[in-house]
1. Relative contact order for region 58-138: what is it in percent, counting Cα pairs under 8 Å that are at least 6 residues apart?
2. If eta is 0.692 mPa s and T is 37 °C, what Stokes-Einstein diffusion coefficient results for the chain, Kirkwood Rh from Cα pairs, in µm²/s?
3. Starting from the Kirkwood radius over alpha-carbon pairs of region 1-54, derive D by Stokes-Einstein at 4 °C in a medium of 1.567 mPa s and give it in µm² s⁻¹.
4. Roughly what angle does helix 67-79 make with the longest principal axis of the chain, taking Cα atoms, 0 to 90 degrees, to the nearest 10?
5. List the relative contact order of the chain as a percent without decimals, with contacts defined as Cα pairs under 8 Å and 6+ residues apart.
6. Of the DSSP beta bridges with both residues in the chain, give the percent that are antiparallel, rounding to the nearest 5.
7. Just to confirm my numbers, what's the Cα centroid distance between region 109-137 and region 1-75 in Å?
8. How much mean residue ellipticity at 222 nm does the chain get from its helices, if each DSSP H run of length 4 or more adds -39500 (n - 2.57) and you divide by all residues, to the nearest 500 deg cm²/dmol?
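Just so you know, all these numbers are worked out from the coordinates, no wet-lab data involved. Computed from a prediction, not measured in an experiment: that's the story for all the values here. As a convention, Cβ positions derive from the backbone with ideal geometry for all residues, glycine included, and neighbour counts pool all protein chains shown.
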Amino acid sequence: MTITLNHIIVVTQDKKATAKFYTEMLGLPPHKMVGHFAVVQIDDTSLDLVETDGEIAQRHFAFLVSEAEFDAIFQRIKQKGLAYWADPFRKQPGTINHWDDGRGVYFDDPNSHLLEIITRPYGAGGADAEHPHPLLQQ
């Protein structure tokens, strides 16, 4: 049996606006409404967005993208004037990282969930990479 991740429930203030943000920023097909969820399909996994009036606990979502997809998404980040960082702690604003000899950047969705796009999986460059992932240096 092959196990795959089917869906993740994402809590939002406005599920339709958030779904539109995800699909536009990531260059995905429009979302679909399924019951009380706005569903954003990403390959075999979906983000099932649901609304709340309460507080939202911040979550982190990382998307592995091609170099061309990175260019397109990063261009949209800059066009929208969104803040972005090279690191998840938001200490390196206005720049990207080159961990694992790829590229990565962090930015917020409308609910302050931290989104990350990377062109290489964590650790893919190994310890011998010109820019090893910081997790390998601990």
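1. On the way: 150 pairs, mean separation 24.9, N = 81.
Worked out over region 58-138, it gives 31 percent.
2. Details: Rh = 15.9 Å.
The calculation lands on 206 µm²/s.
3. Working: Rh = 11.4 Å.
Taking Rh from Cα pairs, D becomes 114 µm²/s.
4. Roughly 70 degrees, rounded to the nearest 10.
5. Across the chain, relative contact order equals 20 percent.
6. Taking every DSSP beta bridge within the chain, about 60 percent pair in antiparallel fashion.
7. 19 Å
8. Computed mean residue ellipticity for the chain: -5500 deg cm²/dmol.
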